[in-house]
Amino acid sequence: MDPATLEALNRASSLELFHLSRVIERLMSDPSRIVQIRLHLNLGQRVRFVDGKAPGAALQLRSGTVVAMKDTQLTVQDDATRATWTLPYA
């Protein structure tokens, strides 16, 4: 993330951050955005995805295969661990 953006977010109040999270959530769940992303995905397709649960501040990229596609989420099987991840279309 851009350092200036991160600095601005660190200065934001909790209420401002909550409002921003709601706006981002609404944008991420916009059906037209999801349709555009789904046009580029297929079952069995190899993809890279972000592990937001990895320890530390850095987000970790992982590789996997699309095993299911639902209305608002897809399921990816991690190549390394064989675990499945339910992820938003992004």
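The values are calculated or read from the model by the stated rules, or taken from the named source; none is laboratory data. Remember, it's a predicted structure, so these values are computed and weren't measured experimentally. No Cβ is skipped: glycine too gets one built from the backbone with ideal geometry, and neighbour counts run over all protein chains shown. Surface accessibility is based on the protein's heavy atoms, side chains included, excluding ligands, DNA and RNA. Shrake-Rupley method; radii C 1.70, N 1.55, O 1.52, S 1.80 Å.
Give the number of residues within the stretch 1-29 that are within 21 Å of Ala68 (Cβ to Cβ) and outside any helix (DSSP H, G or I). Write out each step before concluding.
Going residue by residue through the stretch 1-29, those that are within 21 Å of Ala68 (Cβ to Cβ) are 28-29.
Those left that are additionally outside any helix (DSSP H, G or I): 29.
Number of matching residues: 1.
What number goes with the only condition from (1) open to solvent by 50 Å² or more (accessible area, probe 1.4 Å); (2) of a type outside the set (A, V, I, L, M, F, W, C); (3) under 27 Å from Asp2 (Cβ atoms); (4) outside any loop (DSSP other than H, G, I, E, B) that Ser63 does not pass?
Looking at each condition in turn, Ser63 falls short on (1).
Among the residues of the stretch 37-46, are any modelled with pLDDT of 95 or more, in contact with a helix residue (DSSP H, G or I) (Cβ under 9 Å, 6 or more places away or on another chain) and open to solvent by less than 70 Å² (accessible area, probe 1.4 Å)?
So far as the stretch 37-46 goes, no, none of its residues is modelled with pLDDT of 95 or more, in contact with a helix residue (DSSP H, G or I) (Cβ under 9 Å, 6 or more places away or on another chain) and open to solvent by less than 70 Å² (accessible area, probe 1.4 Å).
Taking the conditions exactly as written (at pLDDT 95 or above and either open to solvent by 50 Å² or more (accessible area, probe 1.4 Å) or out of contact with any His (no Cβ under 7 Å at 6 or more places or on another chain) (or both)), does Asp79 satisfy them or not? First the steps, then the outcome.
Values: at pLDDT 95 or above: yes; either open to solvent by 50 Å² or more (accessible area, probe 1.4 Å) or out of contact with any His (no Cβ under 7 Å at 6 or more places or on another chain) (or both): yes.
So Asp79 fits the description; yes.
I'm told Pro88 meets every condition in (1) in contact (Cβ under 8 Å) with a residue 24 or more places away in the chain; (2) over 12 Å from the mean Cα position of the chain (by Cα); (3) open to solvent by 50 Å² or more (accessible area, probe 1.4 Å) except one. Can you identify the failing condition by its number?
Here Pro88 clears every test but (2).
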